[in-house]
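These notes are about the structure you will find just below.
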Amino acid sequence: MDLKIYRDKQEVAEQFSAYFVEKTKTEGTFHVALSGGSTPKIVFDVLAKNFSDKVDWNKVHFYWGDERCVPPTDDESNYKMTVEHLFSKIDVPKANIHRIRGEEEPKTEAICYANLLEINLESVEGTPQFDLVILGMGDDGHTASIFPHEINLWNVEDHCVVATHPESGQTRVSINGKVINAAKEVAFLVTGASKAQKVKAVVEKTEGSQAYPATLVDPKYGNLVWFLDEPAAAELN
C-alpha cells in the first residue's frame, strides 16, 4: 500500500493527473475504470487543462466502476460528468468510451457490461483485468457502488452487480470486488475531513473495519495507491 498525502483537493488532483499520465505510457492499450464524485471532477478538469496534449488518447479506453441507473443526460450520471469535465475537452475517439447504460434495465445492463469487460479486457483466473481502477470512498466506507449493507455483493460470481443506495434507494450498476482486486493497479482518491474516520479504519484495518467494502480492496496482481489530502488523512497514525 502506497500512501500519498497532499495539502488539499487541488493538489491531490494535480498529483494524481501526473501519475495517471505516466501510467498511460505503457505499451499497447490502456484500460481504466473511472469513478464519479467531486474529487474525480477536479481531476478531469486538471487532466483536460494541463495534460490533454501529453497523453495518446487513442490508446486509452475508458470504463466506469459504477453508474447510477439514470439516462446519460441526467445530472446524476457519472458519464455526463466525465463528458463535461474531460471528454468534451480532449481528443478521444468515441469508440474508446465504454459507458454503463444507466437508462437500461439494471440487471440486463449488468450482464451486458460484464460481457463487454470479458470481450475487451485480458482475464486473470477468469476475471477481467483493468490496467487501472480509480476508486472513491464514501463517508460510510463504500466504494464503487458496493455499500456496507450489501457487502455480500463483493465476491459474487458476476463481474457486474446491481446495487441499491441505502438511503435514496437509487439503483446502480457496479463492478464487483473480484474485478477491482484483479486490476494491475488500484488508486483511491479520497479528500475531505468527513472521510478521515473511515480512512483510518480502512488503512489501519481497525476493529470492525471489515464491515466497510473499501477495506476489502486488496489487489492481487498489482499496487494499491491512496491519494489523500491532509484533512482526509488527519487521523492516520
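The values are calculated or read from the model by the stated rules, or taken from the named source; none is laboratory data. Predicted model only: the values in this text are computed from it and were never measured. So basically every Cβ, Gly included, is an ideal-geometry build from the backbone, and we count neighbours across all protein chains shown. In case anyone asks, the SASA skips ligands and DNA or RNA and just uses the protein heavy atoms, side chains included. Shrake-Rupley method; radii C 1.70, N 1.55, O 1.52, S 1.80 Å.
List of remarks:
- Segment 51-110: equivalent-ellipsoid semi-axes (sqrt of 5 x gyration tensor eigenvalues, Cα, Å): 23, 13, 8
- Note on HIS165 and GLU118: with the Förster distance fixed at 30 Å, the Cβ-Cβ geometry gives a FRET efficiency of about 0.65.
- Think of segment 113-231 as having a plus end and a minus end, set by charges on the Cβ of Lys, Arg, Asp and Glu; of SER145, GLY126, THR215, THR215 sits farthest toward the positive end of this dipole.
- Accessible area of segment 109-230 belonging to carbon and sulfur atoms, whole % at 1.4 Å probe: 46 percent
- Two-decimal Rg/Rh across segment 125-220, once Rg and the Kirkwood Rh are taken from alpha-carbon atoms: 0.95
- Ligands, DNA and RNA left out, the 1.4 Å accessible surface of segment 1-73 is 45% carbon and sulfur atoms.
- Listed cross-link partners LYS59/LYS205; LYS54/LYS198; LYS9/LYS54; LYS49/LYS80; LYS25/LYS205 are compared with a 25 Å cut-off, the Cα-Cα value being larger for LYS59/LYS205; LYS54/LYS198; LYS25/LYS205.
- Shape call, the chain: gyration tensor on alpha carbons, a/c limit 1.5: rounded
- Summarised in one figure, the compactness ratio Rg/Rh of segment 29-139, Cα atoms and Kirkwood Rh, is 0.95.
- Remark: the chain carries 45 Å² of accessible area per residue (probe radius 1.4 Å; ligands, DNA and RNA excluded).
- Put simply, segment 197-237 fits an ellipsoid with semi-axes of 18, 15, 7 Å; these come from the alpha carbon gyration tensor as the roots of five times its eigenvalues, largest first.
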